[in-house]
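Comments concern the structure below.
Each value in this text was obtained by applying a stated rule to the coordinates, not by laboratory testing. Quantities reported herein were computed from a predicted structural model and do not represent experimental measurements. With ideal geometry, Cβ positions are generated from the backbone for all residues, glycine too; neighbour counts draw on all protein chains shown.
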Amino acid sequence: MKVKEILTKILLIEIFKGLALTLKMLFSKSVTVQYPFEKRNIHEGFRGRHALVRDPISGDDKCIGCMRCTTVCPSRCIHIKREKRENKMVVIDYIIDASRCVYCAYCVEACPVCALVLTEDYEYSSYERKGLIFNKEKLLKNWDEFSAKWPADYYFNKFWQPPGIDPSRWPKTKREQGPVPLKRGVEIKREVKNEQLPS
Amino acid sequence: MIETLYVIFVSILKTALYFGILLLHVAYATYAERKVIGHIQLRLGPMVVGPHGILQPIADVVKLIFKEDIIPSNVDKRVFAIAPIISLTAALSTFAVIPVDKNFVISDMSVGLLYVLGIAGVGTYGIIFGGWASNSKYAFLGGLRSAAQMISYEVALAMSLVGVVLMAESFNLSEIVNKQNELWYGMFLFPQILGYFVFIVAALAETNRLPFDLPEAETELVAGYFVEYSGIRFSFYYLAEYLAMFSMSALAAICFWGGWTAPPVLIKIFPILSLIPGIVWFLLKVYFHIFLFFWLRGTLPRYRYDQLMAIGWKVLIPLALFNIVITSLIKYYQ
């Protein structure tokens, strides 16, 4: 045993082993993804840029100003401006400070009408802080940009529904929440079907 | 008179050609190093400038030339300015005696090998001066380490080549190559394997390459002796380091691998190989050694300082001495 140890030391066996390993690595495929030129597939449930879903009928957002998202937000980056008009709350502006957001998606889970979503866009860096503070207009534009890119007619992400809680304890609106339609024609058909159901 | 002018003209032409090609090689050695190290670490290395990053060295040179040349206020200005030039000049003048092909050498000196070793020692001055003049602790430590390392490894380096000199009975590098070609295998590598091992390890230390890059150890000394240098002066040091690598590779190719000649036994088996020009054989041998430098860098971690000194004085020098004794005995009783 001792002779063997001395021999390995003298003949530099360990160093040659290392050299063989690096030579093998030299000719194996590299793991680099050259990002701006090639992109990795996004995993299901990716939480990216915020957007307000544009309602295909009214052309506006669906927010009802219930303030659940502002309440649940751990980094306090959602600000809703609302006003009482004709005995009715109206949402004037909806501001998300994306530079403070931690992308926990609690706001999306809490939203009863599925007005707010996190899309799968992730390339929205900005040279100034202003560019990361999204107001209502910008959030709706985010949705338009995302829906133009999305290949399917509907979009649904599993993190929109609170995980780990039995569905029977969810709010009714949450339980009935389905995939969000992206195109106008699809939505109208669905609306007709919904109206038929209660009758 | 005309004859003298002719000789001067030919020398200048030779020098321009030689150094032009040499500097191109150095530029692309940096590219090759980044590629090889990258692929060893499963990365790609430079990929953006040109196809597969082939124009990266040119972009680097442009960047280095146009960078601001910062001289810190507390440096010894004269020495600070001279040091990189000493380093670069020493590294470049080594190549004056290195033959790349039959009869293609700028100066066919009879003591070529001694000249190479002496000039390599002068290069150390550039590093020590640079480290001292920078007036910085990192640079100073790097310079001191470099001085100690180079002095102790130069002994091993020179002694490992004594075996070659004994076998070739000459200090002239062309003569050494011719002598090797008289053997049927055309190399001193096999009878001088011990000397070759000592030479490679000492050359790694002499050129400050990993695993012996203590003078510029990034993790402890930032960049060692050239921390304070920037722009074109920094690139002089950088060039000097790569040139030293090339001169050591060329020396290894000439002294142990038979320089520009192919092994006679190979030519006897495949007569067609004799058509290949000598420079191709020489460059192949040099490239192999350059690759070996990169390969070792990608494999081995840095040695501790006391380990470095222990390897130099307790292993390499006794081995080199043993090699000299054995070679002399064989030579004497032949």
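Relative to the longest principal Cα axis of chain B, at what angle does helix B:112-133 sit, 0 to 90 degrees, rounded to 10?
The helix B:112-133 is inclined about 10 degrees to chain B.
Using r as the Cβ-Cβ distance of A:LYS24 and B:ILE21, and R0 as 41 Å, what FRET efficiency do you calculate, to the nearest 0.05?
After rounding to 0.05, the efficiency reads 0.80.
With a sphere of radius 11 Å drawn around the Cβ of A:LEU132, what net charge do the other residues whose Cβ falls strictly inside it have (Lys, Arg +1; Asp, Glu -1)?
+3
Work from the charge dipole of chain A (Cβ charges, +1 for Lys and Arg, -1 for Asp and Glu, about the Cα centre) and give the residue of A:GLY164, A:PHE134, A:PRO56 farthest towards its positive end.
Toward the positive end, the furthest listed residue is A:GLY164.
If you rank A:MET25, B:MET245 by fewest surrounding Cβ atoms within 10 Å, what's the result?
In order of increasing Cβ crowding within 10 Å: A:MET25, B:MET245.
Just counting partner chain Cβ atoms within 10 Å, what average do the residues of peptide A:119-126 show around their Cβ?
Across A:119-126, the average partner-chain Cβ count within 10 Å equals 0.
Please label the shape of the stretch B:44-106 as rounded, prolate or oblate, based on the square roots a ≥ b ≥ c of the eigenvalues of the alpha-carbon gyration tensor (a/c under 1.5 means rounded; beyond that, a/b larger than b/c means prolate, else oblate).
Oblate shape, in that a/c is at least 1.5 and b/c is the bigger or equal ratio.
Run the quick spin-label model on A:PHE156 and A:CYS104: label points 7 Å from Cα toward the beta carbon, then report their separation in nm to one decimal.
2.7
How many percent of Cα pairs in chain B exceed 27 Å?
Of all Cα-Cα pairs in chain B, 48 percent lie more than 27 Å apart.
Answer rounded, prolate or oblate for the stretch B:1-96, using the Cα gyration tensor with square roots of eigenvalues a ≥ b ≥ c: rounded when a/c is under 1.5, else prolate when a/b is larger than b/c, else oblate.
Because a/c hits 1.5 or more and a/b fails to exceed b/c, the stretch B:1-96 counts as oblate.
What distance in nm lies between label points placed 7 Å from Cα along the C-beta direction at B:ALA310 and A:LYS81?
Result: 7.3 nm between the two label points.
Between the stretch A:48-121 and the stretch B:219-241, what is the C-alpha centre distance in whole Å?
Comparing the Cα centres of the stretch A:48-121 and the stretch B:219-241, I get a distance of 55 Å.
Ignoring solvent entirely, what values of log10 I(q)/I(0) come out of the Debye formula for the stretch A:50-181 at 0.12, 0.14, 0.15 Å⁻¹ when each Cα is a single scatterer?
-0.46, -0.64, -0.74
Considering the protein assembly as shown, which cysteines have no disulfide-compatible partner, defined as another cysteine with its Cβ under 4.7 Å away?
Unpaired cysteines in the protein assembly as shown: A:CYS63, A:CYS66, A:CYS73, A:CYS77, A:CYS101, A:CYS104, A:CYS111, A:CYS114, B:CYS255.
Among the listed pairs A:LYS24/B:LYS35; B:LYS14/B:LYS67; A:LYS81/A:LYS130; B:LYS14/B:LYS102, give every one whose C-alpha distance is greater than 21 Å.
Violating the 21 Å limit, Cα to Cα: B:LYS14/B:LYS67.
Please report, in whole Å³, the volume per residue of the convex hull around the C-alpha atoms of the stretch A:1-72.
Value for the stretch A:1-72: 248 Å³ per residue.
Going through the DSSP H helices of chain A, which span 15 Å or more along their own axis at the Cα atoms while scoring at least -0.5 as a mean Kyte-Doolittle hydropathy?
Working: long enough: A:13-26 (20 Å, 1.31); A:136-149 (20 Å, -1.36); A:184-196 (19 Å, -1.68).
Length and hydropathy pass: A:13-26.
I'd like the orientation of helix B:137-168 relative to chain B: the angle between its Cα long axis and the longest Cα principal axis, in ° from 0 to 90, rounded to 10.
Here the helix axis deviates by roughly 0 degrees.
Under the Kirkwood approximation for Rh and a Cα-based Rg, what ratio Rg/Rh is obtained for the stretch B:131-262?
1.09
Taking only C-alpha pairs under 8 Å that are 6+ residues apart, what is the relative contact order of chain B in percent? Don't jump to the answer; show the numbers that get you there.
Values: 484 pairs, mean separation 74.3, N = 334.
Once divided by the residue count of chain B, the mean separation gives 22 percent.
When the convex hull of the Cα atoms of the protein assembly as shown is projected onto a plane and the area is averaged over all directions, what value comes out in nm²?
Quarter of the Cα hull surface area: 42.4 nm².
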